[in-house]
């Protein structure tokens, strides 16, 4: 009987050990950043920040079921309270870690938020609501604007054969830039909406002779106006 109990005890500890090992393998690891502590975020770090933010329940609730998206990712530093920041790179890196601010927007309500992500710990430190007008535009929104405006027949007629180059989104001779439009005029069609003024370039020169083109990202529509 004593031998049987001893065998049961051995098997029980083996099961516990295997369980602990399995859980350890499932916990994601985040390697220490090898560069300078104040270096801008790398492309890989930005993607990591987006993944961490999407996995957070607070961010998921703010994104909701309506059309929304995560936008800009910025490098941020948070100085430890009550501590002097070390001047050497190693000490500074240990004190500051690597953190990113991820911005998001819910288009219909024009409500935004800012989530601060700890890249080394793989967690979201804080989430704060923002007015949508305070959320910066992103390259993804410019890509959205490009697709929306190229579906507009009037715009395609204006730019003619340049449409293909603009659609390709390359560094070719013809391209577009976008400028975020924010207004306090309640009568303006862009009031409390995500609008972008589209600037056409050809051979590095802005085409000021073309009418004004504004893309409403909230309603996914295009407005073409004559220049004054």
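The values are calculated or read from the model by the stated rules, or taken from the named source; none is laboratory data. These numbers were taken from a predicted model, which means no experiment stands behind them. Reconstructed Cβ throughout: ideal geometry from the backbone, glycine too, with neighbour counts over all protein chains shown.
If a residue has to be without any contact (Cβ under 8 Å) to a residue 24 or more places away in the chain and either in a strand (DSSP E or B) or over 15 Å from residue 135 (Cα atoms) (or both) to count, how many in the stretch 180-203 make the cut?
8
Need at least 3 residues that are crowded, with 19+ Cβ neighbours inside 10 Å and either in the same structural domain as residue 214 (by TED's automatic domain parsing) or touching a strand residue (DSSP E or B) at 6+ places or on another chain (Cβ under 9 Å) (or both) per element, so show me which helices (runs of 4 or more DSSP H) inside the stretch 58-168 make the cut, counting only ones lying wholly within it. Even if it seems obvious, please write down each step before you answer.
Working: elements: 89-96, 139-150, 153-159, 163-168.
Of the helices (runs of 4 or more DSSP H) lying wholly inside the stretch 58-168, those with at least 3 residues that are crowded, with 19+ Cβ neighbours inside 10 Å and either in the same structural domain as residue 214 (by TED's automatic domain parsing) or touching a strand residue (DSSP E or B) at 6+ places or on another chain (Cβ under 9 Å) (or both) span 139-150.
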